[in-house]
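The values are calculated or read from the model by the stated rules, or taken from the named source; none is laboratory data. The model shown is predicted, which means the values in this text are computed figures rather than measured ones. No Cβ is skipped: glycine too gets one built from the backbone with ideal geometry, and neighbour counts run over all protein chains shown. The protein model used for the area step is the full one, side chains on, heavy atoms only, and it has no ligands, DNA or RNA in it. Shrake-Rupley method; radii C 1.70, N 1.55, O 1.52, S 1.80 Å.
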Amino acid sequence: QVQLVESGGGLVQAGGSLRLSCAASGSIFSINAMGWYRQTPGKQRELVAHITSGGSTNYEDSVKGRFTISRDNAKNTVFLQMNSLKPEDTAVYYCHADVTVRGVWSHSAGYWGQGTQVTVSS
């Protein structure tokens with residue numbers, strides 16, 4: 001199996017910064033895309049940022065210019081640098097990875113982290 005562990009969430013004042021990290025481990029042959037999603041109560045989980053194994057990125061419009069996604073392929077880790085945070089960014093942030101799983105039968109699967117709370121106060 002594959003495990004994703006997020007870290008870096010917390011409480012920050014509006015205008016501040018946080019850096020989220022997500023490290024993948026387990027029966028990994030390779031990781032294609034990785035991304036960050038967020039969810040607030042009563043809302044569907046939405047894509048915040050996405051990065052391919054080759055480094056191509058895309059962002060949700062409201063975070064573009066403020067957030068930066070990056071990855072360290074050697075460490076199977078993805079980061080989300082969040083600057084100029086706004087109260088509207090408050091959510092549980094989830095890491096996701098599309099993984100080619102190592103095993104008798106190679107297959108691709110998606111995995112989620114357990115989430116890390118980001119709270120931005122005004």
Could you identify which residue out of 48, 78, 104 has the top mean-square fluctuation in a GNM of the chain using Cα springs shorter than 10 Å? 104
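What number, in percent, do you get for the relative contact order of the chain if the mean sequence gap of Cα pairs under 8 Å and at least 6 apart is divided by its residue count? Numbers along the way, then the final one.
Working: 309 pairs, mean separation 43.5, N = 122.
In percent, rounded to a whole number, it is 36.
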Whole Å is fine, so just give me how far the alpha carbon centre of the range 89-109 lies from that of the range 1-77. 11 Å
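Can you tell me the alpha carbon radius of gyration of the range 59-100 divided by the globular rule-of-thumb value 2.2 N^0.38 Å?
On the way: Rg = 12.0 Å, N = 42, 2.2 N^0.38 = 9.1 Å.
Computed over Cα atoms of the range 59-100, the ratio equals 1.32.
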For residue 85, list long-range residues whose amide hydrogen, built 1.01 Å from N in the peptide plane, is under 5 Å from its own amide hydrogen. 15, 16
Straight-distance crosslink candidates among lysines, where the alpha carbon sits under 26 Å from residue 43 and sequence neighbours closer than 8 are dropped: 64, 86
Anyone know which of 91, 49, 109 comes out most mobile in the 10 Å Cα GNM of the chain? 109
Collect residues whose amide H, placed 1.01 Å from N in the peptide plane, falls under 5 Å from the amide H of residue 102; neighbours closer than 5 in sequence don't count. 28, 29
Just order 54-60, 41-47, 84-90 by mean Cβ neighbour count inside 10 Å, highest at the front, would you? 84-90, 54-60, 41-47
At a 1.4 Å probe, what is the % contribution of carbon and sulfur to the accessible area of the chain? 48 percent
For the range 60-75, what does the Karplus curve 6.51 cos²θ - 1.76 cosθ + 1.60, with θ = phi - 60°, yield as ³J(HN,Hα) per residue in whole Hz, taken in order and with x for Gly and Pro? 5, 4, 6, 10, 4, x, 10, 9, 9, 9, 8, 8, 10, 5, 5, 9
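For residue 57 and residue 81 in one chain, what is 0.36 nm times their gap in residues minus the Cα-Cα distance, to one decimal in nm?
Numbers: separation 24, 0.36 × 24 = 8.64 nm, distance 1.33 nm.
This chain segment gains 7.3 nm when fully extended.
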In Å², rounded to a whole number, the accessible area per residue of the chain with probe 1.4 Å is 54 Å²
